[in-house]
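Working notes, structure below.
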Amino acid sequence: MSKRDLLLDRSKAGARGCTLPVLDVPPSELPDASLLREELVLPEVSEIELVRYFTALSRLNFSVDTGFYPLGSCTMKYNPKWHEAIAQLPGFSQLHPLQPVDTVQGALRLMFELQGYLAEIVGLDATSLAPMAGAQGELTGAMMVRAYHRHRGQGQRNIMLVPDTAHGTNAATVTMCGFEQMTVRSTQEGDVDLDDLRPKLSDRVAALMLTIPNTLGLFDRNTLEISRLVHDCGALLYCDGANLNAVIGRTKLGELGFDLVQMNLHKTFSTPHGGGGPGAGPVCVKEFLKDFLPTPVVIYREGRQAAYEFARPAKSIGKVSAFYGNFGVLVKAYAYIRTLGAGGLREVSDNAVINANYLQKKLKDDYHLPHDRTCLHEFVISASRQKDKGVTALDIAKRLLDYGFHPPTMYFPLVVSQALMIEPTETESKETLDEFIAAMKMIAKEAEENPELLHSAPHNTPMRRLDEVAAARKLNLRWTPKGNDRCRRT
Ligand SMILES: *Cc1c(COP(=O)(O)O)cnc(C)c1O
């Protein structure tokens, strides 16, 4: 880091970032001097120093706005700025959650219509917009599964079946909800292994959580058979629909036999979400589960002046979030669906799938492709060939940063060794994909000829390779000034 990387290093006593106009009103009393904290180390900088400081900071991070971000399973697509502007309209952004409903009819109508659009997109009957993340949507779904079985006197159903390719949140959800998790194996080809599933089905199984497409980026070809087996034993079929980018406008999950699904609006429906930003994980269910939805849902009553209101479903599992969920994210999803329309949503999945298949075909000569079949929105390659030369998936990921690309998801799913999971999304041009292919081919060559270059990558990023274990275990999120008294007020 250069000497002037911290704002304090730019500080010069007496520098000011603004000029106040000449006072034309009577001066008011200053607060009591004892309230002033002499020990505060505050930088004194001019306006341009401040602008340069924050602009430089903003360029240290990788973002979708600065480059290609093929982080598998995260759907880091470009989110139109227009939708941000819509969410910021004062009629949406300045509402108070405790306002009387007759003063917020527009917002309620938006929520009501979004409930309907989402149900239509996945082919189910009712929606809760309350959960604020995919994982929270999963938990909401699992709580509904439990409530449903208990209501029918089937409280002994305490096992959740989860395939071995599942996202880590599935296991966490199952455990948090008090279920026992039972893993179902996948076949070599990447589908759920029916021979492993059959003996695990019993009157103790509450549901099977299936991810569509699965985390290998594949559509499980046994889905209809899985649905039949699961329902025959009295259990429910849950879909982890976090990655619907290859499904919207093409396939209705309800028609495949799913009883309930959570979807990640921040992934598929246009909300920037790197770094843990706001999300929404609505849950859609079939008619017979409607009464168990969290409270509140938005209903419409014909003929009333304030026709839209909040209601509590008859056997509701209760509240899962404060107020009504992440309203700003809901507005963006609504804007996204309305601007694209049914045809546009279908084009999203068409392009997401074609982009992923293009990359898959172009990379398979240089990298091992464990599941060599048509993929959906993403695919998983393995660095096993490079590993023979001592180069790991991590080395490749770090080297990609030198070429200006965000790395793919690494070491996941766990069923593929040295996994690199690549999701290009629909918003990238062929030119960008070609640049990425060229970089990946170059890296494969470097792995052969100069592995050392990869072990020590990245070379031209603001920070070199970090100790990721220490970063996770000894989180240090707070910056504290070190004895710098150049700008201390005296
Ligand atoms: C992203 C993702 C989740 C978790 O979603 P969050 O919003 O991060 O909680 C769950 N399952 C799958 C398959 C995912 O890709």
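The values are calculated or read from the model by the stated rules, or taken from the named source; none is laboratory data. All values reported here derive from a predicted model rather than from experimental measurement. Positions of Cβ are backbone-derived with ideal geometry, glycine not excepted, and every protein chain shown enters the neighbour counts.
For the range 386-409, give me each residue that is outside any helix (DSSP H, G or I) and more than 19 Å from Asn61 (Cα to Cα). I'd like the intermediate steps shown before the answer.
Residues of the range 386-409 outside any helix (DSSP H, G or I): 388-392, 403-409.
Matches in the range 386-409: Asp388, Lys389, Gly390, Val391, Thr392.
Can you find, within the range 152-166, the residue that is nearest to the ligand (Cβ to nearest atom) among those that are in a loop (DSSP other than H, G, I, E, B) and within 24 Å of Gly72 (Cβ to Cβ)?
Going residue by residue through the range 152-166, those that are in a loop (DSSP other than H, G, I, E, B) are 152-158, 164-166.
Next, from what is left, pick out any that are within 24 Å of Gly72 (Cβ to Cβ): 164-166.
Details: Asp164: 13, Thr165: 9, Ala166: 7 Å.
Only one residue tops the list, namely Ala166.
If you go through the range 203-222 one residue at a time, do you hit one that is in a helix (DSSP H, G or I) and either within 16 Å of the ligand (Cβ to nearest atom) or touching a Gly at 6+ places or on another chain (Cβ under 8 Å) (or both)? Working first, answer last.
Filtering the range 203-222 for residues in a helix (DSSP H, G or I) gives none.
Within the range 203-222, none of the residues are in a helix (DSSP H, G or I) and either within 16 Å of the ligand (Cβ to nearest atom) or touching a Gly at 6+ places or on another chain (Cβ under 8 Å) (or both).
As an exercise: evaluate Asp125 against (1) of a type in the set (D, E, K, R); (2) within 18 Å of Leu256 (Cα to Cα); (3) buried (at least 21 other Cβ atoms within 10 Å of the Cβ) and give the number of the one condition it does not meet.
(3)
Looking at the range 47-75, which of its residues are closer than 16 Å to Ser270 by Cα, out of contact with any Ser or Thr (no Cβ under 9 Å at 6 or more places or on another chain) and not charged (D, E, K, R)?
Ser63
Output the residues belonging to the range 385-416 that are touching a residue at least 60 places away in the same chain (Cβ under 8 Å) and among the polar types (S, T, N, Q). Steps first, answer last, please.
Going through the range 385-416, the residues touching a residue at least 60 places away in the same chain (Cβ under 8 Å) turn out to be 386, 389-391, 395, 398, 401, 404-409, 412-416.
Answer for the range 385-416, where residues must be touching a residue at least 60 places away in the same chain (Cβ under 8 Å) and among the polar types (S, T, N, Q): Gln386, Thr409.
Exactly one of (1) under 27 Å from Phe269 (Cα atoms); (2) part of a loop (DSSP other than H, G, I, E, B); (3) among the hydroxyl-bearing types (Ser, Thr, Tyr) is unmet by Thr432. Its number?
Against the list (1) under 27 Å from Phe269 (Cα atoms); (2) part of a loop (DSSP other than H, G, I, E, B); (3) among the hydroxyl-bearing types (Ser, Thr, Tyr), Thr432 comes up short only on (2).
What's the total number of residues in the range 167-182 that are at negative phi, of a type in the set (Gly, Ala, Ser) and either modelled with pLDDT of 95 or more or more than 12 Å from the ligand (Cβ to nearest atom) (or both)? Reasoning before the result, please.
Residues of the range 167-182 that are at negative phi, as a first pass: 167-177, 179-182.
Going one step further and asking which of them are of a type in the set (Gly, Ala, Ser), we end up with 168, 171-172.
Then keep just the ones that are either modelled with pLDDT of 95 or more or more than 12 Å from the ligand (Cβ to nearest atom) (or both); that gives 171-172.
The total comes to 2.
Could you say whether any residue in the range 192-201 is within 30 Å of Met410 (Cβ to Cβ) and within 25 Å of the chain's Cα centre (by Cα)?
Looking through the range 192-201, at least one residue is within 30 Å of Met410 (Cβ to Cβ) and within 25 Å of the chain's Cα centre (by Cα).
Of all residues in the range 25-64, which are away from the ligand (no atom under 16 Å from the Cβ) and closer than 22 Å to Ala356 by Cβ? Before the answer, list the steps.
If we filter the range 25-64 for residues that are away from the ligand (no atom under 16 Å from the Cβ), which is where we start, we get 25-63.
Listed by number, the residues that qualify are Phe62, Ser63.
Out of the range 302-340, which residues are surrounded by fewer than 17 Cβ atoms within 10 Å (Cβ to Cβ) and farther than 25 Å from Val104 by Cα?
Once the filter is applied, which keeps residues that are surrounded by fewer than 17 Cβ atoms within 10 Å (Cβ to Cβ) and farther than 25 Å from Val104 by Cα, the range 302-340 yields only Lys315.
Which pairs do you get when a residue that is without any contact (Cβ under 8 Å) to a residue 40 or more places away in the chain, found in the range 312-325, comes within reach of a residue that is among the polar types (S, T, N, Q), reach meaning Cβ atoms under 8 angstrom, with the pair 6+ apart or on two chains?
Pairs found: Arg312/Thr295; Pro313/Thr295; Ser316/Thr295; Gly318/Thr295.
Checking the conditions here, which among Glu113, Glu84, Glu120 is more than 16 Å from the ligand (Cβ to nearest atom) and farther than 18 Å from Val329 by Cβ?
Details: Glu113 fails: farther than 18 Å from Val329 by Cβ; Glu84 fails: farther than 18 Å from Val329 by Cβ.
Only one candidate qualifies: Glu120.
Where in the range 235-301 are the strands (runs of 3 or more DSSP E), entirely inside, with at least 2 residues that are within 12 Å of the ligand (Cβ to nearest atom) and crowded, with 20+ Cβ neighbours inside 10 Å?
Numbers: elements: 236-241, 260-263, 283-285, 297-300.
Of the strands (runs of 3 or more DSSP E) lying wholly inside the range 235-301, those with at least 2 residues that are within 12 Å of the ligand (Cβ to nearest atom) and crowded, with 20+ Cβ neighbours inside 10 Å span 236-241, 260-263.
Just one of the numbered conditions (1) at pLDDT below 95; (2) surrounded by 21 or more Cβ atoms within 10 Å (Cβ to Cβ); (3) part of a helix (DSSP H, G or I) is not true of Pro413; which one?
So the condition that Pro413 fails would be (3).
Being out of contact with any Phe, Trp or Tyr (no Cβ under 6 Å at 6 or more places or on another chain), hydroxyl-bearing (Ser, Thr, Tyr) and surrounded by fewer than 11 Cβ atoms within 10 Å (Cβ to Cβ) narrows it down to one of Ser63, Ser34, so name that one. First the steps, then the outcome.
Details: Ser63 fails: surrounded by fewer than 11 Cβ atoms within 10 Å (Cβ to Cβ).
Result: Ser34 is the single residue among Ser63, Ser34 that is out of contact with any Phe, Trp or Tyr (no Cβ under 6 Å at 6 or more places or on another chain), hydroxyl-bearing (Ser, Thr, Tyr) and surrounded by fewer than 11 Cβ atoms within 10 Å (Cβ to Cβ).
Before we move on, is Val348 within 20 Å of Asp191 (Cβ to Cβ), within 24 Å of the chain's Cα centre (by Cα) and modelled with pLDDT of 95 or more?
Values: within 20 Å of Asp191 (Cβ to Cβ): no; within 24 Å of the chain's Cα centre (by Cα): yes; modelled with pLDDT of 95 or more: yes.
Taking the combined requirement at face value, the residue does not satisfy it.
Take Asp102 and tell me if it is of a type outside the set (S, T, N, Q) and either more than 36 Å from the chain's Cα centre (by Cα) or at pLDDT below 90 (or both). Give the steps one after another, and end with the answer.
Details: of a type outside the set (S, T, N, Q): yes; either more than 36 Å from the chain's Cα centre (by Cα) or at pLDDT below 90 (or both): no.
For Asp102, the condition - of a type outside the set (S, T, N, Q) and either more than 36 Å from the chain's Cα centre (by Cα) or at pLDDT below 90 (or both) - is not met.
Scan the range 420-468 for residues that are modelled with pLDDT of 95 or more, within 24 Å of Asp65 (Cβ to Cβ) and either assigned by TED's automatic domain parsing to the domain that holds Asn243 or not β-branched (Val, Ile, Thr) (or both) and report the count.
Adding up the residues that qualify gives 19.
For the range 421-429, does any single residue satisfy the condition of being surrounded by 13 or more Cβ atoms within 10 Å (Cβ to Cβ) and either more than 22 Å from the chain's Cα centre (by Cα) or assigned to a strand (DSSP E or B) (or both)? Break it down stepwise before answering.
Of the range 421-429, the ones surrounded by 13 or more Cβ atoms within 10 Å (Cβ to Cβ) are 421-428.
Keeping just the survivors that are either more than 22 Å from the chain's Cα centre (by Cα) or assigned to a strand (DSSP E or B) (or both) gives 421-422.
Yes; the residues of the range 421-429 include at least one that is surrounded by 13 or more Cβ atoms within 10 Å (Cβ to Cβ) and either more than 22 Å from the chain's Cα centre (by Cα) or assigned to a strand (DSSP E or B) (or both).
Could you please find all residues in the range 123-147 being more than 16 Å from the ligand (Cβ to nearest atom) and touching a Phe, Trp or Tyr at 6+ places or on another chain (Cβ under 6 Å)? Quick ask: steps written out before the conclusion?
Of the residues in the range 123-147, the ones more than 16 Å from the ligand (Cβ to nearest atom) are 123-127, 144-147.
Answer for the range 123-147, where residues must be more than 16 Å from the ligand (Cβ to nearest atom) and touching a Phe, Trp or Tyr at 6+ places or on another chain (Cβ under 6 Å): Met144, Ala147.
Run down Gly137, Gly123, Gly141, Gly106 and say which single residue is closer than 16 Å to Phe323 by Cα and among the small types (Gly, Ala, Ser). Spell out how you get there, then give the answer.
Numbers: Gly123 fails: closer than 16 Å to Phe323 by Cα; Gly141 fails: closer than 16 Å to Phe323 by Cα; Gly106 fails: closer than 16 Å to Phe323 by Cα.
The conditions single out Gly137.
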